[in-house]
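Undergrad: Below are the structure tokens for one structure; questions will follow.
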């Protein structure tokens, strides 16, 4: 599965929840940029993210961002790993 396919799956999941805010959708975009820059191999094959512990990925993202991650960003990373566990 590619990143684009995973992203579509996550967006579909969020759509099914009828979220009132675009915050998580915006967070997906920020997480995508991080993955493109720091986990390039995962863009073509997202399973490669499974070698990175979820908490480590959150920590890496926070360090790159320079501050704590938001709840929406944390939720997106959680959903990435939820979807990966279904592969």
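Values in this text are rule-based calculations from the coordinates and carry no lab data. Model, not experiment: these values are computed from the prediction. Here Cβ is always computed from backbone atoms with ideal geometry, including for glycine, and neighbour counts include all displayed protein chains.
Undergrad: Answer with yes or no whether residue 67 is surrounded by fewer than 16 Cβ atoms within 10 Å (Cβ to Cβ) and assigned to a loop (DSSP other than H, G, I, E, B).
TA: yes
Undergrad: With farther than 16 Å from residue 82 by Cβ and exposed (fewer than 10 other Cβ atoms within 10 Å of the Cβ) as the only criterion, which of 18, 26 stands out?
TA: 18
Undergrad: Oh, and also: I'm trying to understand the selection: among the residues of the stretch 60-83, which are more than 15 Å from residue 35 (Cα to Cα) and in contact with a helix residue (DSSP H, G or I) (Cβ under 7 Å, 6 or more places away or on another chain)? It would help to see each step written out before you state the result.
TA: Start the filter on the stretch 60-83 by keeping residues that are more than 15 Å from residue 35 (Cα to Cα), which leaves 66-68, 70-72, 75, 82-83.
Scanning the stretch 60-83 gives 68, 70, 72, 75, 83.
Residue-by-condition table, conditions (1) in contact (Cβ under 8 Å) with a residue 12 or more places away in the chain; (2) within 10 Å of the chain's Cα centre (by Cα):
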residue	(1), (2)
1	yes, no
20	no, no
31	yes, yes
39	yes, no
51	no, no
62	no, no
85	no, no
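Undergrad: Of the residues 35, 10, which is in contact with a helix residue (DSSP H, G or I) (Cβ under 7 Å, 6 or more places away or on another chain), touching a residue at least 40 places away in the same chain (Cβ under 8 Å), surrounded by 16 or more Cβ atoms within 10 Å (Cβ to Cβ) and part of a helix (DSSP H, G or I)?
TA: 10
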